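Colleague: Have a look at this one.
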Amino acid sequence: MTDLCGDPLPDLAREAIAKFNAGEYYAQHDLLELLWAQTTDPVRELYRAILQVGIAYYHIGGGNHRGAYKMLKRALRWLDGFPPLCQGVDVADLKHNAEAALRELVRVGDDLGGFDQSLIRPVRWAE
């Protein structure tokens, strides 16, 4: 999909992923949105996918089933075509986690109080 997968993860993305992994989903959103806007290579879709998984997790915490479902579906679409590892990000794990969260959303329906919170997983990446 992109020749930039072998490049190191940009500093802005590192900062955003650290915020994602700390549960600071809106902060990660803002950083990744900025990076996405600055990037013209198709690797920008990886940044958008991470952003959207984080926002889906935010929506799950806020009880917004529709918003979470929509963000996870979009994120999975953006992850298609990426290799299992891109810029040090474990894309395969991110995709697996997004799919598991999506299945759980379908299982619990609108009652997000029953959502298995252990499925809210961090982004794995090589530092």
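Quick note: the coordinates plus some simple rules give every number you see, no bench work behind them. These numbers come from a predicted model, not from an experiment. With ideal geometry, Cβ positions are generated from the backbone for all residues, glycine too; neighbour counts draw on all protein chains shown.
Colleague: Please verify whether the stretch 117-125 includes one or more residues that are buried (at least 19 other Cβ atoms within 10 Å of the Cβ) and without any contact (Cβ under 8 Å) to a residue 60 or more places away in the chain.
Modeller: No: zero hits.
Colleague: Residue pairs, Cβ under 6 Å, 6 or more apart or interchain, first in the stretch 67-84 and without any contact (Cβ under 8 Å) to a residue 24 or more places away in the chain, second assigned to a helix (DSSP H, G or I) and surrounded by fewer than 17 Cβ atoms within 10 Å (Cβ to Cβ). List them.
Modeller: These pairs meet every condition: PRO84/ALA92.
For every residue, the table says whether it meets (1) in contact with a Gly (Cβ under 9 Å, 6 or more places away or on another chain); (2) β-branched (Val, Ile, Thr); (3) farther than 22 Å from ASP3 by Cβ.
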{"position": "GLU24", "(1), (2), (3)": "yes, no, yes"}
{"position": "VAL43", "(1), (2), (3)": "no, yes, no"}
{"position": "LEU79", "(1), (2), (3)": "no, no, no"}
{"position": "GLY109", "(1), (2), (3)": "no, no, yes"}
